[in-house]
Amino acid sequence: MAVLEDNAWTDLRQLCSSDYGTWGVEKKMYHPSLCRAADGSWRLVFQVNDRSPLFAAAYSRDLVTWRPQDYPRVSSPQCLKPVVQSAGNAFQVCYQSADGAVHRVNADAEFRHFIGDEVVNADARLWQRDTVIIRGEQRIGQIFSISDAELQVVRQDARLQAQKGALTGERMHDDAQKLSIPSVINATLTVLPQQEKTISDKLIGIFFEDISYAADGGLYAELIQNRDFEYSAKDHRGWNATTAWHSCRPIEIDTKHPLHPNNPHYAILALDTLWNEGWDGIAVEKGKKYDFSMFVFAGGQKQDFLIQLVGQQGQVLAQSKLRTRASDWQQFSTVLTAKASDEKARLAIIPLKAAHVGIDMISLFPQETFMNRKNGLRKDLAQVIADLHPKFVRFPGGCMSHGQGLENIYHWNHTVGPLESRVPDFNIWNYHQTRGLGFFEYFQFCEDIGAEPLPVLAAGVPCQNSANNAEGIGGQQGGIPMTDMPAYIDEICHLIEWANGDPATSEWARMRAAAGHPKPFNLKYLGLGNEDIISTVFEERYEMLCKPIRERYPDIKICGTVGPFHSPSADYMEGWDFTKKHPDLQYMVDEHYYESTGWFMHNRDYYDHYDRSAAKVYLGEWAASTNVKRPNVETALAEALYLTDIERNGDVVEMTSYAPMLSKDGHSNWNPDMIYFSNTHIRTTPAYEIQRLFSVYGGDRYISSEFKVQSSKLDVDLSHRVGASVVRNSKTGKCYLKLVNALPATLNISVEGITLPATVKCQQFTGAIDDQKAKAVEIETSEPTTLPPYTFRVIEL
Ligand code: AHR
């Protein structure tokens, strides 16, 4: 928007930007056309590209806050130069198709529903534009008159955003140079034991998404890569059914007689040895046992194989003979015991007789998995996660839940049952999902670590950043067609049956029992949607899903979404608006924000003003991240400060989970992450330490306190760099005081209202501000409330 003042046009600010389709390729606005309604509100349409049968439609009351965009579909394969004009109480959108014809679509007053698409003789003046000169440059657009009051709203918002931007850009790491503060700062903490309130006992959980090789090649303990020969170029450019497999001659792949229709490809083995490279090699440990298995189809012939694990120097680390005779597909297995270790071994399948046999689902698992589960999880990695004592596990994503386009939406029922019958798919993060780690395994893991399962499924729309499909429709792609919604609703209800039903009466529960879990999993929470655009397409489907679930399963707590960003983003505003207008639909909504340390320091009161009678909050994805590739002491302290505020608001915030959790070295899709790992090593981060301390030393009662930094002689406000909270665990009776000093100075706190023991044991996290390796340690001190610079401390009272 530009303003004409003193006879000159000046740029003011960008009002709205395209949210259509995938990053990098789309998200562009062409030929915007704005129109003012009789009530003063605004309607905007624009062309998104020159190859999609849709236009973008947006709505604003004040030019500052825009409702999330809708992308109405038109009849022409291209929708060029859409223009909007008001027509009584409603609107008309005219666009040009590639052949030059003009089409007209009618829109309702709310600009949510678009009907009709007819060829018309439109007046060419509709496309006339105004030309102005801004700083010597000719610019084309539309000129409108607005009142001073309206202009003030835009200006004020521009100023506010600039101010917020400056605070958000603040960093701790240059405080020592920037802030002239003494080496010791005094503060007073007044604890008010009489002022107690109940808070959530599930504040800290985990976000598990198969991103950065978190599942296949990561937590899922399978050691063979592409075990099912189902890799394809859809997963990753250049991949095919033989990726990760090697032989001295081209590997023959067939699909004529598949082991299962969901798993059509298999390899034909003649006399050549077949090698698998594993996931960056196979880490083999001396003395450990490995379960090998594969399906063989040999038309009744006998075939023997030598199965070997071979080290980097060609030495045989383990071997076993596998005798097979299979008329149809049959599974054979053997155990390999390693007589030496190697971090990057390979698997060799050596046919001992000349014969053509089909082989598929070739699998190698360490016998030692977490809790020794078959088809289990990598023991060391699962243990590091269990050590967080998460109160819940959200799975399977993130963006992976709603998927890259309608075809890639995660269907939970594709991930249960025998491994060979599960439906593999490409992963939105540019690799492959075997679904070996499927819903049964996720639920089992939750039970094993005492965490509530929080499955998150698509709310009838795929990821808004999806690329264009074959019809040229990107983003939410119009959502699951309405005709398919009843089946999708059933699919979600079946999950509840599968998890909680009685095998005596429910076919879905019988599947769970057959998989080895006759007792219910006791599912309580269900997430619908992942940071979606809160478009009309989304809202309609979300409501359609929630209503029958609420009716049939009133005890299930539904968690909705309010988009990918915090206040005052369009999706957040619309998401909360919708949530408050439909209080019966959901128990809680999922908020996401990855922000700078400055943002966290300056938004400490974010939840203080939330409506306590509205839905609860699940802060499902968050991390202090700007400017750092890896979590360090600075980001960890920002998170610790914010978590003291979350505890204070634990009556409205029910759950939080840092994101993402896992990242495999060499395969990272995202930074920073909480835990980095390779096949043999795990590196937890400062973010992990903070999450663990808040989780282990959490409570369900919050005790009020007042924290005052004695900074009267200082010209800077340090209050946003210090934090305190007191919680009590009513089950154990234990009380914890958490203190955060994010200053480059010692913080000397005198505590009033409670008496501290003379000497106490504390958990202490501290380090240089850029340190990425800092760990919490237990210390014993007679000065528990004197905190060195950059320190987080938990004191048991
Ligand atoms: O956590 C990584 C990604 O961030 C998630 O998949 C998505 O929900 C968010 O954009």
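The values are calculated or read from the model by the stated rules, or taken from the named source; none is laboratory data. Treat the numbers as computed from the prediction; the structure is a model and nothing was measured. Cβ coordinates were reconstructed from backbone atoms using ideal geometry, including for glycine residues, and neighbour counts include every protein chain displayed. Surface accessibility is based on the protein's heavy atoms, side chains included, excluding ligands, DNA and RNA. Shrake-Rupley method; radii C 1.70, N 1.55, O 1.52, S 1.80 Å.
Which of the three applies to the stretch 194-255, rounded, prolate or oblate, going by the alpha-carbon gyration tensor with a ≥ b ≥ c and a/c under 1.5 meaning rounded?
prolate
Of LYS353/LYS374; LYS391/LYS761; LYS234/LYS256; LYS379/LYS738; LYS286/LYS391; LYS738/LYS775, which ones are farther than 28 Å apart at the Cα?
From LYS353/LYS374; LYS391/LYS761; LYS234/LYS256; LYS379/LYS738; LYS286/LYS391; LYS738/LYS775, over 28 Å: LYS353/LYS374; LYS379/LYS738; LYS286/LYS391.
What shape does the stretch 338-462 have by the C-alpha gyration tensor, where a ≥ b ≥ c are the square roots of the eigenvalues, rounded means a/c under 1.5, and otherwise prolate means a/b greater than b/c and oblate the rest?
Because a/c hits 1.5 or more and a/b fails to exceed b/c, the stretch 338-462 counts as oblate.
Expressed as a rounded percentage, what relative contact order does the stretch 103-198 have, with Cα pairs under 8 Å and six or more residues apart?
11 percent.
Hand me the trypsin sites (Lys or Arg not before Pro) from the stretch 707-762 located in a DSSP loop with no more than 11 other Cβ atoms within 10 Å, in residue order please.
Listed in order of number, the matching sites are LYS713, LYS731.
Using Cα pairs closer than 8 Å and at least 6 residues apart in sequence, work out the relative contact order for the chain, in percent.
Computed value for the chain: 13 percent relative contact order.
Probe radius 1.4 Å, ligands and nucleic acids ignored: give me the carbon and sulfur share of the accessible area of the chain as a rounded percent.
Ligands and nucleic acids excluded, carbon and sulfur give 50 percent.
Among DSSP beta bridges whose residues both lie in the stretch 390-530, state the antiparallel percentage, nearest 5.
Bridges in the stretch 390-530 that DSSP calls antiparallel: roughly 35 percent.
Within 10 Å, count the other beta carbons around each residue, average over each peptide in 543-552, 493-502, and list them highest first.
Highest-to-lowest ranking by the protection proxy: 493-502, 543-552.
If you count, for each residue, the other Cβ atoms within 10 Å and average over each peptide, how do 41-49, 338-346 line up from highest to lowest?
Descending mean neighbour count gives 41-49, 338-346.
Show that you can apply the helix-only estimate: for the chain, add -39,500 (n - 2.57) for every DSSP H stretch of four or more residues, divide by all residues, and state [θ] at 222 nm to the nearest 500.
When only DSSP H runs of four or more count, the value is -5000 deg cm²/dmol.
Classify the chain: rounded, prolate or oblate, from the alpha-carbon gyration tensor (a ≥ b ≥ c, eigenvalue square roots; a/c under 1.5 rounded; otherwise prolate if a/b is larger than b/c)?
The shape class here is oblate.
What whole-number distance in Å separates the alpha-carbon centres of the stretch 677-733 and the stretch 262-289?
Rounded to whole Å, the Cα centres lie 46 Å apart.
How large is the accessible surface per residue of the chain, computed with a 1.4 Å probe and reported in Å² as a whole number?
I get 41 Å² per residue for the chain.
What FRET efficiency comes out for the pair THR334/ARG51, r = Cβ-Cβ distance, R0 = 45 Å, nearest 0.05?
With R0 = 45 Å, the Cβ-Cβ based efficiency is 0.25.
What is the antiparallel percent of DSSP beta bridges lying wholly in the chain, to the nearest 5?
75
Which of the pairs LYS580/LYS616; LYS178/LYS773; LYS289/LYS664; LYS339/LYS664; LYS289/LYS339 have their Cα atoms more than 18 Å apart in this structure?
Violating the 18 Å Cα-Cα cut-off are LYS178/LYS773; LYS289/LYS664; LYS339/LYS664.
How large is ³J(HN,Hα), in whole Hz, for each residue of the stretch 57-69 in order, when computed from phi with the Karplus curve 6.51 cos²θ - 1.76 cosθ + 1.60 and θ = phi - 60°, using x for Gly and Pro?
Working through the residues one at a time gives 10, 9, 9, 8, 8, 9, 6, 9, 9, 10, 5, x, 6 Hz.
Which peptide among 357-366, 418-427, 134-143 comes first, and what is the full order, when sorted by highest mean count of other Cβ atoms within 10 Å?
357-366, 418-427, 134-143
Any chance you could run the full-extension gain for ILE133 through VAL153? It's 0.36 nm times the residue separation minus the Cα-Cα distance, nm to one decimal.
4.8 nm
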